1. Would you check if there is a residue in the stretch 348-371 being free of Cβ contacts under 8 Å to residues at least 12 places away in the same chain, farther than 29 Å from Glu279 by Cβ, more than 16 Å from ligand 1 (Cβ to nearest atom) and among the aliphatic types (A, V, I, L, M)?
2. So if I check each of Pro288, Pro274, Pro263, which one is on the phi < 0 side of the Ramachandran plot and surrounded by 14 or more Cβ atoms within 10 Å (Cβ to Cβ)?
3. I'd like to check something: does the stretch 324-339 contain any residue that is more than 14 Å from ligand 1 (Cβ to nearest atom), under 16 Å from Gly218 (Cβ atoms) and among the charged types (D, E, K, R)?
4. So which helices (runs of 4 or more DSSP H) are wholly in the stretch 306-396 and hold at least 1 residues that are under 30 Å from Pro164 (Cβ atoms), more than 20 Å from the chain's Cα centre (by Cα) and outside the structural domain of Leu159 (by TED's automatic domain parsing)?
5. In this structure, does Leu205 turn out to be among the hydrophobic types (A, V, I, L, M, F, W, C), over 23 Å from the mean Cα position of the chain (by Cα) and either outside any strand (DSSP E or B) or surrounded by fewer than 20 Cβ atoms within 10 Å (Cβ to Cβ) (or both)?
6. Does Gly195 satisfy the criteria of being in a loop (DSSP other than H, G, I, E, B), touching a residue at least 24 places away in the same chain (Cβ under 8 Å), within 13 Å of ligand 1 (Cβ to nearest atom) and within 19 Å of Leu304 (Cα to Cα)?
7. Determine which single condition Arg287 fails, assuming it passes every other condition in (1) over 28 Å from Ala339 (Cβ atoms); (2) modelled with pLDDT under 95.
Amino acid sequence: MTFRTLDTADLAGKRALVRVDFNVPVDGGAITDDTRLRAALPTIHYLSQQGAKVVLLAHFDRPKGKVVPEMSLAFVAEPLSALLEQPVAFASDAIGPEAAKVVDGLENGGVALLENVRFHAGEEKNDPAFAKALAANGDVYVNDAFSAAHRAHASTEGLAHLLPAYPGLAMQRELEALDAALGNPKKPVIGIVGGSKVSTKLDLLRNLVTKLDYLAIGGGMANTFLHAAKIDVGASLCEPDLADTALEIIDLAGAAGCKLLLPTDVVVAKSVKPGVHAETRNVYDVRPDDLILDAGPETVKTLLAAMDASKTLIWNGPLGVFEVPPFDEATVSAAKHAAQLAKSGKIVAVAGGGDTVSALNHAGVSADMTFVSTAGGAFLEWMEGKTLPGVAALEQ
Ligand code: ADP
Ligand code: MG
């Protein structure tokens with residue numbers, strides 16, 4: 001992947017149209033987590049310091065191409081202004097005279113936020129006419145919304161063809177981390193894939209086995225693999241219909257030289273309740289009324305040793321029901337070990353996925369990992385080996 005980088009751009013006096021992800025969680029009109037606003041600050045500051053007029057484009061919620069007043073982005077301007085410590089002008093439309101008036105009123109270094117791009121049907125349709133109307137307010141295009149890059153919309157893809165296009169600083173950092181984890185990783189590479197179901201991660205598993213030296217499978221999805229290997233998983237979460245698919249993935253891994261690490265021991269209980277009596281069993285000793293809720297200590301030991309033998313780790317999905325202690329133990333042990341290796345420079349450790357981010361936060365190690373992606377769908381599609389249209393459009 002090769003991109004222009006912002007440090008090569010001539011920005012003084014230019015209007016920089018910046019796609020950001022301001023789809024923030026809201027409760028009663030208030031932002032409950034401003035991570036996404038903070039993620040955009042370095043790029044906004046940089047552009048502003050270079051003397052650009054910073055014009056922010058974003059979507060909020062799903063207005064489906066119509067003006068839905070409750071989905072206006074107006075409420076973001078003030079909290080953003082507080083974080084930036086500078087005024088943020090708001091335009092009540094993403095295109096047309098309203099937008100032009102606000103953009104034309106900016107001084108060099110000034111910042112404006114335009115109304116929800118999804119108020120126009122042309123956004124999600126990637127309509128060239130809508131992209132052109134957006135482009136009318138910019139001289140350069142900067143995409144800092146990796147989390148929206150799996151969608152080919154006008155503000156995430158179309159614009160990149162109309163203006164000189166650059167990744168923003170957060171986007172650039174994410175692309176570099178992902179490249180170091182799967183694009184051009186230092187070998188050996190180990191993957192950990194956990195979570196609840198095989199069915200949601202088929203493409204991801206198929207892609208990873210062709211790229212990795214080791215793949216540890218954990219969480220509920222490991223049960224389907226055990227079941228496919230004729231091991232009784234009792235009352236555990238399992239997708240018997242996917243047994244053949246699991247065998248196909250085992251074959252693909254064999255052909256590609258990827259060593260699969262399946263659980264050899266598990267932690268079981270009769271129900272998923274905090275403080276419920278839990279027992280460790282060999283996978284061959286699981287009883288009919290057992291629920292497998294975590295990987296066992298022997299499995300974890302094997303996994304940590306494989307991490308020690310690796311130079312790169314890519315992780316999606318917890319190893320057990322980490323929300324309910326003590327079934328967080330395998331996930332927390334693996335997370336702490338990965339963070340330790342990453343901190344001491346022995347491994348590049350990249351992780352992502354909604355519940356994976358929660359699990360790493362729960363383990364208290366997010367800051368010590370090389371990179372933790374909060375991009376959700378875009379991160380998963382990238383792990384599936386898919387081309388992300390918003391990223392491809394930035395390539396030179
Ligand atoms: P991510 O959001 O990081 O991609 P997933 O959504 O695939 O991860 O999976 C997370 C969920 O998997 C968690 O809610 C966790 O409780 C569940 N899980 C993990 N192990 C098991 C298990 N053995 N049985 C049932 N659910 C499990
Ligand atoms: Mg999830």
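1. Yes.
2. Working: Pro288 fails: surrounded by 14 or more Cβ atoms within 10 Å (Cβ to Cβ); Pro274 fails: surrounded by 14 or more Cβ atoms within 10 Å (Cβ to Cβ).
So the residue among Pro288, Pro274, Pro263 that is on the phi < 0 side of the Ramachandran plot and surrounded by 14 or more Cβ atoms within 10 Å (Cβ to Cβ) is Pro263.
3. Here is the first cut: in the stretch 324-339, the residues more than 14 Å from ligand 1 (Cβ to nearest atom) are 333, 336-339.
Filter once more, so that each one left must be under 16 Å from Gly218 (Cβ atoms): 333, 336-338.
Retained after the next criterion (residues that are among the charged types (D, E, K, R)): 336.
Yes, the stretch 324-339 contains at least one residue that is more than 14 Å from ligand 1 (Cβ to nearest atom), under 16 Å from Gly218 (Cβ atoms) and among the charged types (D, E, K, R).
4. none
5. no
6. On the way: in a loop (DSSP other than H, G, I, E, B): yes; touching a residue at least 24 places away in the same chain (Cβ under 8 Å): yes; within 13 Å of ligand 1 (Cβ to nearest atom): yes; within 19 Å of Leu304 (Cα to Cα): yes.
Against the criterion (in a loop (DSSP other than H, G, I, E, B), touching a residue at least 24 places away in the same chain (Cβ under 8 Å), within 13 Å of ligand 1 (Cβ to nearest atom) and within 19 Å of Leu304 (Cα to Cα)), Gly195 qualifies.
7. (2) is the only condition that Arg287 fails.
The values are calculated or read from the model by the stated rules, or taken from the named source; none is laboratory data. Predicted model, so just to flag it, every value in this text is computed and none were measured. In this analysis, Cβ positions are derived from the backbone assuming ideal geometry, glycine residues included, and neighbour counts consider all displayed protein chains.
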